[in-house]
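Below is one structure, written out as structure tokens; the observations come after it.
The values are calculated or read from the model by the stated rules, or taken from the named source; none is laboratory data. Keep in mind it's a predicted model, so treat the numbers as computed, not measured. Here the Cβ positions follow ideal geometry from the backbone for every residue, glycine too, while neighbour counts run over all protein chains shown.
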């Protein structure tokens, strides 16, 4: 039987949040990255929902969730999730985050460790480490980190050209340049043509200075729960540029690492079967009971 994925909205932490939900069992939360929405998890939700209650929000500023003028530092975005979970009566989760969602997930795991049974971070170099290692080579690979922080200009240049902008990002970041194509590509184009969508995504990056301050304040605190760091082996900005195992060893004390071959920055969409297998293996034993 096909998996029934339900769309819900709920006001929590002062914003109207949109999330997808499917399945029953111990809760697993999926946080998408940039420039995606929760649509990015379309291949994972059916596989995970066979055993788990899967919840995939649109982050603040993205998709169908509200796009307020403020609140894009990762502590506030982690609080968005905490309040969403409280409203749903959930007090402990397995948490999966990709890219920007991994930054929110990392902050959530540090601010609310009692709520996280296990953590997955996908194709993500932590914010303070990007800042620490910002060499000319990193600056070139991470050009969008600075471009997206410029006030107003990105929105002015991209508006009406959302397809050109997204085509460049997806083709440049994926091992197969056409991994995101057809209806899937159009879904993302349509999402960014919605009022406020470009501003919301850029606001996520414009919180970078505050994010670095938050991360530096507790840099010596390691994430204690079991942590899986998973990345695409062939993305020039992550797996090919950084020693990911060493970086995440700085962040987490109970760590497993996996590099996925023939994969770029979007593992869950580029190599969904391999990602699903890794997630299901890592989630074994998650029962939501003390």
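Name the single residue that is surrounded by the most Cβ atoms within 10 Å (Cβ to Cβ) among those in segment 64-101 being more than 23 Å from residue 231 (Cβ to Cβ) and in contact with a helix residue (DSSP H, G or I) (Cβ under 6 Å, 6 or more places away or on another chain). Full working, then the answer.
Narrowing segment 64-101 to residues more than 23 Å from residue 231 (Cβ to Cβ): 64-73, 75-76, 79-80, 82-92.
If we keep only those that are in contact with a helix residue (DSSP H, G or I) (Cβ under 6 Å, 6 or more places away or on another chain) as well, we get 67, 72-73, 75, 92.
Numbers: 67: 21, 72: 24, 73: 19, 75: 18, 92: 17.
Here the residue is 72.
The set of residues in segment 80-109 being closer than 14 Å to residue 211 by Cβ and in a helix (DSSP H, G or I) consists of 100, 101, 102, 103, 104, 105, 106, 107, 108. Report yes if some residue within segment 116-128 is out of contact with any helix residue (DSSP H, G or I) (no Cβ under 6 Å at 6 or more places or on another chain) and either without any contact (Cβ under 8 Å) to a residue 60 or more places away in the chain or part of a helix (DSSP H, G or I) (or both); otherwise report no. Scanning segment 116-128, I find no residue that is out of contact with any helix residue (DSSP H, G or I) (no Cβ under 6 Å at 6 or more places or on another chain) and either without any contact (Cβ under 8 Å) to a residue 60 or more places away in the chain or part of a helix (DSSP H, G or I) (or both), so the answer is no. Take segment 33-59 and flag every residue that is out of contact with any strand residue (DSSP E or B) (no Cβ under 6 Å at 6 or more places or on another chain) and closer than 21 Å to residue 165 by Cα. Residues satisfying the conditions are 34, 35, 36, 37, 39, 40, 59.
Got a sec? Which of 117, 111, 152 is modelled with pLDDT of 95 or more and under 23 Å from residue 259 (Cα atoms)?
Numbers: 111 fails: under 23 Å from residue 259 (Cα atoms); 152 fails: under 23 Å from residue 259 (Cα atoms).
Answer to the selection: 117.
Answer yes or no as to whether residue 59 is in contact with a helix residue (DSSP H, G or I) (Cβ under 8 Å, 6 or more places away or on another chain), within 18 Å of residue 267 (Cα to Cα) and buried (at least 24 other Cβ atoms within 10 Å of the Cβ). For residue 59, the condition - in contact with a helix residue (DSSP H, G or I) (Cβ under 8 Å, 6 or more places away or on another chain), within 18 Å of residue 267 (Cα to Cα) and buried (at least 24 other Cβ atoms within 10 Å of the Cβ) - is not met.
Just one of 175, 188 is touching a residue at least 12 places away in the same chain (Cβ under 8 Å) and in a loop (DSSP other than H, G, I, E, B); which is it?
Working: 188 fails: in a loop (DSSP other than H, G, I, E, B).
Matching residue, one of 175, 188: 175.
Check 211, 204, 218, 181 and return the single one that is closer than 27 Å to residue 120 by Cβ, loosely packed, with under 14 Cβ neighbours inside 10 Å and in contact with a helix residue (DSSP H, G or I) (Cβ under 9 Å, 6 or more places away or on another chain). Walk me through it before giving the result.
Numbers: 211 fails: loosely packed, with under 14 Cβ neighbours inside 10 Å; 204 fails: loosely packed, with under 14 Cβ neighbours inside 10 Å; 181 fails: loosely packed, with under 14 Cβ neighbours inside 10 Å.
Being closer than 27 Å to residue 120 by Cβ, loosely packed, with under 14 Cβ neighbours inside 10 Å and in contact with a helix residue (DSSP H, G or I) (Cβ under 9 Å, 6 or more places away or on another chain) holds for just one of 211, 204, 218, 181, which is 218.
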